[in-house]
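What follows is calculated from the coordinates using simple rules that are stated; it is not laboratory data. Computed from a predicted model, the values in this text were never measured in an experiment. Ideal geometry is used to build each Cβ from the backbone, glycine not excepted, and the neighbour counts take in all protein chains shown.
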Amino acid sequence: MAITTKESILKVLTAFNPWWKTGAVHPDFTKQYRRFAYYEGMKRLQQTDLRRAIVLTGARRVGKTTIQYQMIETLLKNGVSPQRIVFISMDHPMLKLSGLNEILECYHENIYANQDAYYFFDEIQYAADWDRWLKTIYDMQPKTIMVATGSASPALMKGSSESGAGRWSVIQVPTLSFYEYCALMGIEELKLDASIRPTAFGSMTQQERAEIMIKLSVVQNHFVRYLQVGGFPELALSHNDLMAQQVMREDVVDKVLKRDLPSLYSIRNATELERIFLYLCNVSSDIISIEAIAKELNGVSRPTVENYIQYLESANLIYISQPVEMIGRKVLKARPKIYIADAAIRNAVLMDDSVLTDPTEMGKMVETAVYKHVAAFYYQKATRVGYYRGGKKNKEIDIVVDYPNTNNILIEVKYREHAPIADDDAICELAGEASAAIVVTKRADDYGVHNAPNGEILLRIPAYAFLYLLGHAERNGYKGAE
């Protein structure tokens with residue numbers, strides 16, 4: 001007896017698509033809060049003059065599937081026939097065993113015969129030859145619209161570059177920004193001018209800065225919990241933080257390391273992958289040496305370490321920050337910095353309650369959060385985000401936003417009670433070559449202008465304010481999509 005029949009496929013599809021009968025998406029699936037990526041996805045979906053399939057990529061539990069349900073809800077409210085919309089979860093055991101052609105044939109034979117449908121594929125990377133099928137559908141069904149999600153972005157990027165050139169757009173869905181977290185937790189929108197962003201602090205008076213900081217004081221007390229569990233919508237809403245961290249370990253980490261990546265990349269020894277990830281959790285925000293990791297983890301070869309780091313990046317569990325050259329200054333040997341994709345993942349894995357009272361650990365958590373926010377903010381722009389280390393004294397700048405045709409933005413994270421900047425620090429010496437030089441501080445009263453001895457001006461801004469204002473600026477970029 002065949003395991004996958006048209007009848008069994010139809011039964012699964014009907015369960016996943018209740019709007020075929022009810023005409024609406026169940027409110028539990030759509031949630032009230034809209035991620036930035038939802039607005040970006042709807043903007044692309046409604047851009048009829050430039051047809052693209054949309055691929056949402058990000059770690060497990062960041063809300064990619066919810067964004068799809070929200071898009072479906074919007075389409076239904078805009079008058080699209082419920083039967084024209086099909087949601088297909090390729091992570092479901094029955095659908096995994098079926099070919100994409102079988103599933104779509106079943107849908108068109110039983111639910112909707114025409115070719116002007118909306119296909120929503122969830123975890124598309126589990127479909128055999130998914131990129132070939134998306135290309136075929138795009139080319140052969142010009143009225144079909146496709147939206148897909150995937151947790152393994154290089155698999156998606158590779159398919160996008162090989163089969164999808166000019167056919168689909170990849171939208172990254174990072175973990176929640178601090179701004180999104182505050183909105184999700186029900187904190188009312190702060191009455192801030194739409195143009196305000198961290199770099200705007202430089203052109204303000206200290207009184208104007210003080211007025212903004214007073215408004216931002218509402219979100220200050222939420223910052224530490226955000227660092228602990230706040231990056232994942234469902235877990236952020238939990239009333240039990242310890243349980244939320246356990247779920248994060250099981251769903252975000254264990255399933256990815258023990259199931260998703262071994263399945264996608266034919267990894268035989270998942271234990272080595274786990275050991276490497278644990279090592280990276282401990283050194284998040286540090287410059288790493290592949291040789292040192294291989295030596296530390298006895299028996300793991302250098303090529304294995306390199307490959308597994310790429311796989312972890314593919315699963316959106318880590319960011320890799322590469323060195324950036326400043327004008328006329330060569331960087332030292334090109335070794336990357338590694339950041340865990342969200343400070344909350346790092347906390348869940350390390351299970352160390354003392355991190356909140358350890359200044360060094362808190363500094364790593366905050367730098368990890370700052371890098372994540374900056375990388376997410378500039379993802380859609382023609383920039384890259386890295387770090388600088390070099391010069392005569394081998395000084396480092398934590399984060400550099402590397403613009404191709406203009407001066408860079410320099411960011412140094414000094415999350416401690418007293419955050420002095422030495423006169424010979426790299427950010428002081430190179431501030432003149434930057435469009436902005438920012439020192440991210442800890443104390444709520446540690447903000448304003450820092451005058452370097454060479455006459456250059458640095459901006460000091462507390463971490464919670466920097467992250468919130470960056471999210472505020474990003475949010476204002478999507479208002480036209482509402």
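What to note about this one:
- Each semi-axis of the equivalent ellipsoid for the chain is √(5λ) with λ an eigenvalue of the Cα gyration tensor; in descending order they amount to 40, 26, 21 Å.
- Exposure proxy ranking, count of Cβ atoms within 10 Å, fewest first, for 313, 180: 313, 180
- The chain: angle of helix 6-16 to the longest principal axis, Cα-based, in degrees nearest 10: 40 degrees
- Fewest neighbouring Cβ atoms within 10 Å first, the residues 88, 67, 145, 124 line up as 145, 88, 67, 124.
- In summary, region 361-402 shows an alpha-carbon radius of gyration equal to 1.30 times the 2.2 N^0.38 Å reference for compact globular proteins.
- Normalised size of region 6-173, defined as Cα radius of gyration per 2.2 N^0.38 Å with N residues, equals 0.95.
- Only one residue of 246, 57, 409 has its Cα farthest out toward the positive end of the dipole of the chain, where Lys and Arg carry +1 and Asp and Glu -1 on Cβ, and that residue is 57.
- In the chain, the DSSP-assigned H stretches of four residues or longer account for a calculated mean residue ellipticity at 222 nm of -12000 deg cm²/dmol, using -39500 (n - 2.57) per stretch and the full residue count as denominator.
- Candidate cross-link partners of residue 258 among the lysines, defined by an alpha-carbon separation under 19 Å and a same-chain spacing of 8 or more, comprise 96.
- Each of 191, 43 was scored by other Cβ atoms within 10 Å of its Cβ. Listed from fewest to most, they are 191, 43.
- Relative contact order (percent, whole number), region 1-157, Cα cutoff 8 Å, 6+ residue spacing: 30 percent
- Debye equation applied to the C-alpha atoms of region 384-482, log10 I(q)/I(0) at 0.11, 0.17 Å⁻¹: -0.35, -0.79
- Value of relative contact order over region 1-86, rounded to a whole percent, pairs C-alpha under 8 Å and six or more apart: 39 percent
- The chain: angle of helix 359-377 to the longest principal axis, Cα-based, in degrees nearest 10: 60 degrees
- Of the residues 181, 222, 476, the one whose Cα sits farthest towards the positive end of the charge dipole of the chain is 476 (charges of +1 on Lys and Arg Cβ, -1 on Asp and Glu Cβ, taken about the Cα centre).
- Value of relative contact order over the chain, rounded to a whole percent, pairs C-alpha under 8 Å and six or more apart: 14 percent
- Computed from point charges on the beta carbon alone (+1 for Lys and Arg, -1 for Asp and Glu), the dipole magnitude for the chain about its Cα centre is near 700 Debye.
- The long axis of helix 153-162 is offset from the longest Cα principal axis of the chain by roughly 70 degrees.
- Pairs from the list 43/143; 77/381; 11/64 with a Cα-Cα gap above 26 Å: 77/381.
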